[in-house]
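Following: one structure in structure tokens, then a few remarks.
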Amino acid sequence: MKLTADQVKKVAKLANLPLSDEEIEKYSGQLSKILDYIDQLNSADTSEVEPTFNVTGLSNVLREDKVGESLPQEEALQNASQVKDGFFVTKGVFEE
Amino acid sequence: MKYEPVIGLEVHVELNTKSKMFCRCSADYFGKQPNTHTCPVCLGLPGALPFTNKEAIKKCLQIGLALNCKVVDLSRFERKIYFYPDLPKGYQISQYRWPLCVEGWLEVEDKDGKVSKIKINRVHQEEDTGKLSHIGGVTLIDYNRSTVPLVEIVTEPDFTDPSQVKDYAKKLQQIFRYLGVSSADMERGDMRLEANVSVRPAGQKELPNYRVELKNINSFRFMTAAIEYEIKRQIEALEKGEKLTQETRGWNEAKRDTYLQRSKEEAHDYRYFPEPDISELRVKSDELRIKEEIVELPNRKAKRFVADYGISRQNAQVLVDSKELAGYFEEAIKLGREKQLKPQEIANYIVNQKIKLASKDQVLRAVEDLAGKRVGILEDEVKIEKIVAEVIFENPNSVEDYQKGKLNALQALIGGVMRKTQGKVNVEKVRRILESKLQN
Ligand SMILES: [Zn+2]
């Protein structure tokens, strides 16, 4: 299955990755190969198999509503490339 | 051609649990220092595991059951994938294919008092996002709100008039407060509304092939105005032969119109994906117990007030506005009974005079005031006799004068009774009672 340049562009946009034309070309080849590889799974007959969503097989694993400790502000912010007055800073995004 | 609106509503409500949805950070984020209620889970750090809050699930079920939903046999969490800095994980844990509650309904009233049943498609559990502030070309992020429990309630597109939407939203807010699951304050963002609006030729059964989503509207009034504007805009566009498409619009209160936020081409593609880190929920067996624990809700309470106390439906609706007010009203009825006050009188007095009932003291005072006002019209001999007796006891000189033959001393005694009853008593009746008492 060959992915088109448009499909790669869409995936890149959804993943919020800026790609050059060169990269789009390169990744459409690579992604197509990955899909072909994954596609082998389709040869297995799974018509009688329930999908697995969770490997533990557990249900209702719940915790009581009790407050525990949070990280100190400095620690929460320590990996941020930019901080200001206790906030993480990112380049402007606007809802409008 | 005549058109009719087709409106659906999505309401988000933030739950008032102590801890967050999937971690133990405090969920009480309002007004706190930024990024002081965070941990690896709500910061989306690699390897962190979400751990579901039992109380949040219970509150979500309470909401679902209060809205006449069914609890499903099996519910799962899913990842709603999108990239935006309010979500550090790159996805929001939500529910799409396996919501906790489905197929409910709520009765709403339109501006003319017509009652209709609005179908509720689903009530599901999810997590809130971080809070962004856009300042001077950059965006500041506070993750204190990240992973605070959020419940989403989605209706079928059953509304045909903005006044129904307003009533629905108000009723939801009341229900949240009665249940005690959220303070549901719109301005604070505890409760958020999104409307899907389209129009179709009157009588057409099929849904229109587009819908306009109205987002980020933080008051009932603005929501009504935005929907009204949108209906007008769409009808005008259709009449001009324009084709309407899927889009998201916001409300500009200053200009009082809606504006385009996102068109179909940019619409999100969330690629929901089952959340493998959280166990599935099988909570159907809790349905009955939770249902039994739910307090009497405003709709039912109002109906009971009408049936039991014979008060008007309008008064009942005002009096059930909050659980507290309704409770104080019933207390006032009990106290009023001793003073021969009828529930209807108390209801009228509280509603018409806008009497504040927010404490036991205020209830007592309201009942006393009303009973006082009523003496003149009340044929309550026993009570008047009691007051007359008090006045006689307190004015031995006047009594003596009267019994010596000074008939105008009676006037002083009558005056005493009038003062004690704030003049709300029939003078002739007082005179008669006084005379008969003084003759004995
Ligand atoms: Zn946390």
Condition met for A:Ile34 (under 30 Å from B:Ser75 (Cβ atoms), β-branched (Val, Ile, Thr) and more than 10 Å from every other protein chain (Cβ to nearest Cβ)):
no
Please name all residue pairs, on different chains or six or more residues apart, with Cβ atoms under 9 Å, provided the first residue is in region B:2-24 and is within 14 Å of chain A (Cβ to nearest Cβ) and the second residue is more than 16 Å from the ligand (Cβ to nearest atom) and part of a strand (DSSP E or B).
B:Leu15/B:Gln125; B:Leu15/B:Val151; B:Met21/B:Gln125
Against the condition farther than 28 Å from B:Arg145 by Cβ, over 30 Å from the mean Cα position of the chain (by Cα) and more than 13 Å from chain A (Cβ to nearest Cβ), how does B:Lys240 come out, does it pass?
yes
Would you call B:Cys60 under 21 Å from the mean Cα position of the chain (by Cα) and buried (at least 19 other Cβ atoms within 10 Å of the Cβ)?
yes
Residues in region A:62-76 that are at the interface with chain B (Cβ under 8 Å from one of its Cβ atoms) and either out of contact with any Leu (no Cβ under 9 Å at 6 or more places or on another chain) or hydroxyl-bearing (Ser, Thr, Tyr) (or both) total 10
Of all residues in region B:143-164, which are within 16 Å of the ligand (Cβ to nearest atom) and outside any strand (DSSP E or B)?
B:Tyr143, B:Asn144, B:Arg145, B:Ser146, B:Thr147, B:Val148
Report whether or not B:Thr36 is at pLDDT 95 or above, at the interface with chain A (Cβ under 7 Å from one of its Cβ atoms) and either touching a helix residue (DSSP H, G or I) at 6+ places or on another chain (Cβ under 8 Å) or within 11 Å of the ligand (Cβ to nearest atom) (or both).
yes
Among residues belonging to region B:39-54 that are more than 14 Å from A:Gly68 (Cβ to Cβ) and within 7 Å of chain A (Cβ to nearest Cβ), point out the one that is farthest from the ligand (Cβ to nearest atom).
B:Lys54
For region B:133-156, enumerate the residues that are more than 7 Å from every other protein chain (Cβ to nearest Cβ) and at pLDDT below 95.
B:Ser133, B:Ile135, B:Gly136
Name the residues in region B:13-48 that are closer than 14 Å to B:Lys131 by Cα and touching an Asp or Glu at 6+ places or on another chain (Cβ under 7 Å), would you?
B:Glu14, B:Pro34, B:Asn35
Pick out the one residue from B:Ser75, B:Ser116, B:Ser26 that is away from the ligand (no atom under 16 Å from the Cβ) and surrounded by fewer than 24 Cβ atoms within 10 Å (Cβ to Cβ).
B:Ser116
It is to be established whether one or more residues within region B:63-70 are polar (S, T, N, Q), touching a strand residue (DSSP E or B) at 6+ places or on another chain (Cβ under 9 Å), more than 15 Å from the ligand (Cβ to nearest atom) and modelled with pLDDT of 95 or more.
yes
Within region B:351-366, of all residues that are surrounded by 11 or more Cβ atoms within 10 Å (Cβ to Cβ) and among the charged types (D, E, K, R), the one farthest from the chain's Cα centre (by Cα) is B:Arg365
Would you check which residues across region B:97-142 are closer than 30 Å to A:Gly92 by Cβ and free of Cβ contacts under 8 Å to residues at least 24 places away in the same chain and list them?
B:Ser133, B:His134, B:Ile135, B:Gly136, B:Gly137, B:Val138
Within the bounds of region B:92-108, is there any residue that is within 16 Å of the ligand (Cβ to nearest atom), buried (at least 16 other Cβ atoms within 10 Å of the Cβ) and over 24 Å from the mean Cα position of the chain (by Cα)?
yes
Does B:Asp185 qualify as being surrounded by fewer than 22 Cβ atoms within 10 Å (Cβ to Cβ), among the acidic types (Asp, Glu), more than 16 Å from the ligand (Cβ to nearest atom) and in contact (Cβ under 8 Å) with a residue 60 or more places away in the chain?
no
Those residues of region B:237-252 which are surrounded by 12 or more Cβ atoms within 10 Å (Cβ to Cβ) and more than 8 Å from B:Val212 (Cβ to Cβ) amount to B:Ala237, B:Leu238, B:Thr245, B:Gly250, B:Trp251, B:Asn252
Counting only residues that are in a loop (DSSP other than H, G, I, E, B) and either away from the ligand (no atom under 11 Å from the Cβ) or farther than 27 Å from B:Glu194 by Cβ (or both), how many does region B:11-23 have?
4
Based on what the data block shows, is B:Ile392 modelled with pLDDT under 80 and more than 21 Å from B:Asn315 (Cα to Cα)?
no
Of everything in region A:67-96, what is within 16 Å of B:Asp86 (Cα to Cα) and charged (D, E, K, R)? Give them in sequence order.
A:Lys91, A:Glu95, A:Glu96
Residue among B:Asn144, B:Asn196 that is touching a Leu at 6+ places or on another chain (Cβ under 9 Å) and not hydroxyl-bearing (Ser, Thr, Tyr)
B:Asn196
In region A:54-85, which residues are away from the ligand (no atom under 16 Å from the Cβ) and in contact with a helix residue (DSSP H, G or I) (Cβ under 7 Å, 6 or more places away or on another chain)?
A:Leu62, A:Val83
Looking at (1) outside any strand (DSSP E or B); (2) more than 27 Å from B:Asp286 (Cα to Cα), can you tell me which one B:Gln173 breaks?
(2)
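The values are calculated or read from the model by the stated rules, or taken from the named source; none is laboratory data. None of these values were measured; they are calculated from a predicted model. Quick reminder, even Gly has a Cβ in these numbers, built from the backbone with ideal geometry, and neighbours come from all protein chains shown.
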